[in-house]
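Down below is the structure, laid out as structure tokens.
The values are calculated or read from the model by the stated rules, or taken from the named source; none is laboratory data. Computed from a predicted structure; not experimentally measured. With ideal geometry, Cβ positions are generated from the backbone for all residues, glycine too; neighbour counts draw on all protein chains shown. Just so you know, the surface numbers come from the protein's heavy atoms only, side chains and all, with ligands and any DNA or RNA stripped out. Shrake-Rupley method; radii C 1.70, N 1.55, O 1.52, S 1.80 Å.
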Amino acid sequence: VLELLRGIQRGSEDRKRSLSRLCWALQNKETQQKFVRLDGSIRTLIGLFTSSLADMQMEAARCLHELSHSSDPAVAEACLPVTSYLLTYLSGHSVEFTELCLYTLGNLVVESKAVRKQLLPQGIIPVLTSCIQSPHEAVLEGLGYVLSQLLQAKEAPTEIIPLVLDSVLPQHMLRLVCSGLKAGIGAAVEFAWCLHYLVCSHTANAALLSLGALPALSSLLLDLASEIPQDAPEGLELLVCPVLRCLSNLLAEETGCEVQIQDERLLIALFLILQCFLQQHPFIVQECLWLLNNLTADEPFFCSALLSLDLLPALLQLLPCSQMASVLVLTVLCNIAEKGPVYCQQLHQQPALPLLLPTLALPDTEVVGQCLELLHLLFLHWPEAAADFVRQGGHRALEQHQSTPELQERARALLDMVGQPLGASAFSPCHTTLSAFS
């Protein structure tokens, strides 16, 4: 490494070859650490990086990019002097060169708070804002990567997100995400995660809602679902996931905002996505169910739509998918049952009870506890369900849980309910326990 560095510093005829060999050598973690400790190493790279020789400049950029991959904060901090040049070169040069600069910045941002602290006063947010108008997908994807790394920093809520919100970045991010596959799936994925990190900070929700994030992301979900029956592009699940999370979190944070998206096609889209990704990408099931839970939590519109579109059988089929899926399916059913007798009557008419009996036999107390809450609501609002439950031997399943500390109180309450004559009054719903799951 020292020999290569000396060859580069001397300006020998094979300097480009030495740079290429150095770039290859810097893929090694120990070599990276040794290189930055050599006197004048970074200074030499910066000299070539800022030279007027395009081929040398590109090779130096590749060397700096390899260094930025290091997980050692000392290596990232050794690269501090190059950050201002990286920002400067984002406007101009070739697409490949701009892309290299962006990914180098993104990698350095991940590893070092010192780098992030230096980049903010250097104006990284305004520079990135100017780049977001680029027509090149590769540049946009790299830009999304830098932003996503910045927005995940510990200091992001106080130091970075306010700067982002003061810029036009959020509206451009939303535009690029909602252009979906047209802008290229890689760029759309990066910016979708950027929106997700903004939403998770809570401070950005009002701004995103004012930009029309809910209807825009809902419309995007419909578009993505329409792609599924055809030839869905590889990696589509990577875009679907953050879009689902953004919608779920916006609904959870903003009371009443679900009124803006009263569109039953959203439910059809969710179940199409569920069907498509169930086998190969089961993590999407949980994301879909969480959104379904937030859609049905307060608003009767989606509860009615789920029943009228005959989607309940498809929902019940997801019960055995996983522990979390079971809890979320049961929570959605509780959301429906909470709406009163008409909804409970329809749940009873569907084959819900026969599927709940095996659920009561599971060893997982969280799943069984949520199942007990659902039965409580069903029996309370539609006593015929209690009678049917007893005829199917459900009381024996309840008796098994009388000795389980976390479940015994609810199991005994349900046994009391099914022991009463048909139509008699039952216990009031256990709101405290139910709200913990809703």
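For this structure, a couple of remarks:
- Folded to 0 to 90 degrees: helix 323-337 orientation relative to the chain principal axis, Cα: 50
- Gyration tensor verdict on the range 315-370 (Cα atoms; rounded if a/c is under 1.5, prolate if a/b is larger than b/c, oblate otherwise): prolate
- Carbon + sulfur, % of accessible area of the range 1-136 - ligands and nucleic acids excluded, 1.4 Å: 50
- Charge dipole of the chain about the Cα centre (unit charges at C-beta), most positive-ward option of PRO320, PRO341, PRO282: PRO282
- The dipole here belongs to the chain: it is taken about the Cα centre, uses +1 on the Cβ of Lys and Arg and -1 on the Cβ of Asp and Glu, and is about 1200 debye.
- For LYS117, the aspartates and glutamates whose Cα comes closer than 14 Å to its Cα, not counting residues fewer than 8 places off in the same chain, are GLU77, GLU155, GLU159.
- Note on ASP72/ALA25: beta-carbon distance plugged into 1/(1 + (r/R0)^6) with R0 of 25 Å gives a FRET efficiency of 0.95.
- When only the Cβ of Lys, Arg, Asp and Glu is charged (+1, +1, -1, -1), the dipole of the range 288-404 relative to its Cα centre reaches about 200 debye.
- About the Cα centre, charge dipole magnitude for the range 1-114 (Lys/Arg +1, Asp/Glu -1 at Cβ), debye: 240
- Folded to 0 to 90 degrees: helix 365-381 orientation relative to the chain principal axis, Cα: 50
- Gyration tensor verdict on the range 349-397 (Cα atoms; rounded if a/c is under 1.5, prolate if a/b is larger than b/c, oblate otherwise): prolate
- Nearest 10 degrees, 0 to 90: helix 169-178 Cα axis against the chain principal axis: 60
- DSSP loop GluC sites (Glu not before Pro) with at most 13 other Cβ within 10 Å excluded, longest remaining stretch of the chain: 235-405
- Pair VAL168, TYR85: separation of 7 Å Cα→Cβ label points (nm): 3.1
- The chain, relative contact order [Cα under 8 Å, separation at least 6], %: 7
- Taking all Cα pairs closer than 8 Å and separated by 6 or more residues, the relative contact order of the range 1-114 comes to 23 percent.
- Label-to-label distance, ILE268 versus LEU181, with points set 7 angstrom from Cα along the beta-carbon direction: 1.8 nm.
- The chain, helix-only ellipticity at 222 nm - DSSP H runs n ≥ 4, -39,500 (n - 2.57), divided by all residues, nearest 500: -21000 deg cm²/dmol
- Net length available on complete extension from GLN402 to ASP364 is 12.2 nm, with 0.36 nm assigned per residue and the Cα-Cα distance removed.
- Charge dipole of the chain about the Cα centre (unit charges at C-beta), most positive-ward option of ALA361, ALA397, LEU48: LEU48
- Only one residue of LEU102, ALA216, LEU87 has its Cα farthest out toward the positive end of the dipole of the range 79-231, where Lys and Arg carry +1 and Asp and Glu -1 on Cβ, and that residue is LEU87.
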